[in-house]
Amino acid sequence: MIRIVIENVFFFLLPTLFYIAWVAFRDDEWSGLAGIIREAPLLRLFIAGAALMLTTLIAFSSRTYNAPHDVYVPQSMQDGKLEPGRTIRATEPEPEKP
């Protein structure tokens with residue numbers, strides 16, 4: 001769970017990190033991080049970070065093909081080889097007929 005939070009915070013802060021790097025390499029003198037942040041267009045960076053974070057959330061969530069009723073089989077040793085974890089399709093029970 002913490003990995004997901006860290007990934008979201010990273011994608012949210014990515015435009016700000018690019019902006020700081022761009023200003024640092026553009027200027028001849030380093031005015032310090034506080035000076036760069038003070039002059040930064042924070043609202044635009046906030047909107048860009050939120051858009052990037054939402055885009056990555058949508059992209060990652062649309063690429064999982066597991067159905068809610070699938071069963072996760074964890075990794076295991078089979079004949080001395082490590083079998084990776086996987087999901088298998090579970091058959092849905094048929095509804096009982098009255």
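Do we find a residue being on the phi < 0 side of the Ramachandran plot and among the acidic types (Asp, Glu) anywhere in region 35-44?
Taking region 35-44 as the starting set, the residues that turn out to be on the phi < 0 side of the Ramachandran plot are 35-44.
Adding the requirement that they be among the acidic types (Asp, Glu) leaves 39.
Scanning region 35-44, I find at least one residue that is on the phi < 0 side of the Ramachandran plot and among the acidic types (Asp, Glu), so the answer is yes.
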- Task: Scan region 69-81 for residues that are in contact with a Ser or Thr (Cβ under 8 Å, 6 or more places away or on another chain) and among the hydrophobic types (A, V, I, L, M, F, W, C) and jot them down.
- Result: Val71, Val73
- Message: Take the residues in region 46-92 that are aromatic (Phe, Trp, Tyr) and outside any loop (DSSP other than H, G, I, E, B); name whichever of them is modelled with the lowest pLDDT.
- Response: Phe60
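The values are calculated or read from the model by the stated rules, or taken from the named source; none is laboratory data. What you see is a predicted model; the values in this text were computed from it and never measured. Don't worry about glycine lacking a Cβ; one is built from the backbone with ideal geometry, like all the others, and counts go over all protein chains shown.
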